[in-house]
Amino acid sequence: MIQCKHRRNGAQGSPDLQVINGTARQIHGADVAVIVTSGRVTGPAVTFARQ
């Protein structure tokens with residue numbers, strides 16, 4: 001599953017990744033969840049993604 005986020009100002013945080021991960025796997029049955037953003041990704045979000 002791929003989800004795109006447009007951010008003029010701001011960042012994708014860990015809660016955003018947690019929601020995408022949960023819905024991608026449980027609801028959509030995806031093996032891989034990918035997020036693409038025009039903004040930045042916070043440090044805690046990177047840590048969560050690496051898990």
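The values are calculated or read from the model by the stated rules, or taken from the named source; none is laboratory data. No experiment lies behind these values; they were computed from the predicted model shown. Note: ideal-geometry Cβ built from the backbone for every residue, glycine included; neighbour counts use all protein chains shown. Surface areas here come from the heavy atoms of the whole protein model, side chains and all, with no ligands, DNA or RNA. Shrake-Rupley method; radii C 1.70, N 1.55, O 1.52, S 1.80 Å.
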**Asked** With Cβ to Cβ distances under 15 Å as the rule, what net charge do the other residues near residue 17 carry (K, R +1; D, E -1)?
**Response** +4
**Fill in**
For the chain, the accessible surface attributable to carbon and sulfur atoms (probe 1.4 angstrom, ligands and nucleic acids excluded) amounts in percent to 52
**Fill in**
Neighbours of residue 3 by Cβ distance under 14 Å: Lys/Arg at +1, Asp/Glu at -1, summed charge +2
**Fill in**
Sorting 31, 16 on solvent-accessible surface, 1.4 Å probe, most exposed first, gives 31, 16
**Message:** Please compute the per residue accessible area over the chain with all protein chains in place, 1.4 Å probe, rounded to a whole number of Å².
**Reply:** 73
**Item:** Surrounding net charge for residue 32, when Lys and Arg each add one and Asp and Glu each subtract one, Cβ distance under 15 Å
**Value:** +1
**Message:** For a quick check: with amide H placed at 1.01 Å from N, whose amide H comes under 5 Å from residue 41's, ignoring anything fewer than 5 positions away on the same chain?
**Reply:** 12
**Request:** Tell me what the chain gives for mean residue ellipticity at 222 nm when only DSSP H runs of n ≥ 4 count, each as -39,500 (n - 2.57), the sum divided by the residue total, rounded to 500 deg cm²/dmol.
**Result:** -9000 deg cm²/dmol
**Asked** Do any trypsin sites (Lys or Arg not before Pro) in segment 1-36 lie in a loop, going by DSSP, with at most 15 other beta-carbon atoms within 10 Å of their beta carbon, and if so which?
**Response** 7, 8
**Percent RCO, i.e. relative contact order, over the chain, from Cα pairs under 8 Å lying at least 6 residues apart** = 53
